[in-house]
Amino acid sequence: MSDIDMAQIQNKVLSLKELAKDINGLSKEFPAVQRNINRIMASIKMLEINTVDLVQEK
Amino acid sequence: MKNRYWNPILETLPREELRALQIRKFKRIFEWAYENSRFHRSLYDAAGIKPEDIRSLDDIHAVPKVEKSMMRDIQRKDPFPYGDALCVPLEEVTEFRQTSGTTGQPVYQPDTWQDWEWWAECWSFILWAQGYRPSDRVFIPFGYNVFVAFWAGHYGAEKLGCEVVPGGVLDTKARILKIQELQATAMMATPTYVLGMADTARNKMGIDPKSLSINKITCAGEPGAGIPTTKKRIEEAWGAKVFDHAGATEIGAWSFECADQPHGMHVNEGLFLVEIEDLETGKIIEEPGKRGKMIITALDRQAQPCIRFDSKDIIEWDPEPCSCGRTFRLIKGGVVGRSDDITKVKGVLLAPSAIEEVVRGIEGLGDEFEVVVDKVGDVDRIALKVELMPGTENRREEIEGQLVDQLRIKTNLRYNLSFHGCETLPRYEVKAKRFKDLRKAH
């Protein structure tokens, strides 16, 4: 497990979250993008639960 | 085992860090509910507790519990049909499920897509720990409907990368043939149904379930897979490893038996906070070896939060850590009963699961049985109906002797016993109703 770089994963997940929020903000009139980005944001939340929440503990 | 953990960091987090994580996540979900649910805010305001008051485990113990009856009272009102505990706009709800209504009017459960992802995440921890891998072909003999049951198991298996075969509206024989045809390697069902499938395969189709390719079975919905004698019967019938799991519609999939089969289940303490409350004093039990009822919080579920929910499940902490290396605590023997199932018969406390353990432990008795409690005047009577397996009629006296002895040892009661032919007692596909207390009708 020593080869897992949690700090880097955390940073990438948070970047991904910001990117998804940006796309969401741009897609109010574009259902095909907005509904898909909503699903992606739910998956990103699972990444947060598995990584970001834990790194904050360290 | 290589890649033993779904989340190698979380599942091996030192206990003190895990506890700190739980407290921080509890505070977050409490604040979410306080800000977004009229039901929760009024409950907490009445107790004088605000989000900033949550700093320690003791603070959490003081938060009011939520009973299923409270959820029933607020539902079927606006925002219809969920009422005041709904924390998101209705248009964000993507999933509807409901409880089975075993103990009264069903409770409705809304979930957002994020909550549904979370359900699949809960199941991913379970299935990965039980050895499911992308190479598995998973057969799900479940009537996909308004009950959550194995819906989330289906999505969890997909998330792992397994190939999932939905055995929805097929009858039992067709399901067995489909397992055979596709060489499925794993299956999820209630213990009652898994035993019933084995019985059908063997006695009605001439197929030995062991000859099929199923090598692991995940059971849920009833305590059976945690009862050693029932687990043994299923494992012997199918030639497969059987794993216990517990979850509930209002809670989530909160516990699992891992591949090491430690005679208990891990609580997923990364996603849930479990407290055990003493049935008599109401105090929280921290030490192992003492049974109480589970109070549980789902730490990340948002549409209709589950915060200090009184589940009525009876559990106890195991004193031993698991050989698998997870720091998630074990509950010994899984869920051993429900506080509303435990009843007094002739002045003796009786858990129906104890009768199951005895019946399933005696060779020559069938898998099914039925218990009927009633009252004559002021005196309780308890009757037990069992089935004799074909070819064991000449051993009836011996079997009866074992049954009487074991029942007396395990339950401290004497029963009016009756023996029936094989397959004459009712069969069940989902949750069995083997315990009938007729005293309540008097």
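Annotations
- Surrounding net charge for A:I40, when Lys and Arg each add one and Asp and Glu each subtract one, Cβ distance under 11 Å: +4
- Candidates B:F26, B:F80, B:F96, ranked by Gaussian network fluctuation over chain B, Cα under 10 Å, top entry: B:F80
- Computed over chain B, the percent of Cα pairs more than 36 Å apart is 29.
- Given B:K2/B:K65; B:K25/B:K231; B:K65/B:K344; B:K241/B:K344, the pairs whose alpha carbons are separated by over 32 Å: B:K2/B:K65; B:K25/B:K231; B:K241/B:K344
- Expressed as a whole percent, the proportion of Cα-Cα pairs in segment B:1-128 lying more than 19 Å apart is 62%.
- The translational diffusion coefficient of the protein assembly as shown, from Stokes-Einstein at 25 °C and 0.890 mPa s with a Kirkwood hydrodynamic radius over alpha carbon pairs, comes to 101 µm²/s.
- Peptide A:40-49 has a mean shielding of 5, counted as Cβ atoms of other protein chains within 10 Å of each residue's Cβ.
- Most mobile listed residue (B:V63, B:V146, B:V379) in chain B, GNM with C-alpha springs under 10 Å: B:V379
- In this Cβ point-charge picture (+1 for Lys and Arg, -1 for Asp and Glu), segment B:354-442 has a dipole of about 440 debye about its Cα centre.
- Residue-averaged 222 nm ellipticity for chain A, from DSSP H runs of 4+ at -39500 (n - 2.57), nearest 500: -22500 deg cm²/dmol
- For B:E316, net neighbour charge (Lys/Arg +1, Asp/Glu -1) across residues whose Cβ lies under 13 Å away: -3
- Placing unit charges on the Cβ atoms of the charged side chains and taking the dipole of chain B about its Cα centre, the candidate lying farthest along the positive direction among B:W238, B:P64, B:I331 is B:W238.
- Euclidean distance of C-alpha centroids, segment A:11-25 and segment B:208-268, integer Å: 39
- A Cβ-based charge dipole, computed about the Cα centre of chain B with Lys and Arg at +1 and Asp and Glu at -1, lands at about 540 debye.
- Accessible area per residue, Å², segment B:61-167 with all protein chains present, probe 1.4 Å: 36
- From helices alone, chain B scores -9500 deg cm²/dmol at 222 nm; the rule is -39500 (n - 2.57) for each run of n ≥ 4 DSSP H residues, then divide by the residue total.
- Descending principal axes extents, segment B:81-153, alpha-carbon based, whole Å: 43, 27, 17
- Close lysine pairs were tallied over segment B:100-213: pairs 8 or more places apart or on different chains with Cα atoms under 18 Å apart number 4.
- Magnitude of the charge dipole, segment B:60-195, Cβ model with Lys/Arg +1 and Asp/Glu -1, debye to 20: 540
- Estimated FRET transfer efficiency when R0 is 41 angstrom, pair B:D171-B:E286 (beta carbons, to 0.05): 0.30
The values are calculated or read from the model by the stated rules, or taken from the named source; none is laboratory data. Keep in mind the model is a prediction, meaning the values are calculated, not measured. Glycine also receives a Cβ, built like all others from the backbone with ideal geometry; neighbour counts cover every protein chain displayed. The protein model used for the area step is the full one, side chains on, heavy atoms only, and it has no ligands, DNA or RNA in it. Shrake-Rupley method; radii C 1.70, N 1.55, O 1.52, S 1.80 Å.
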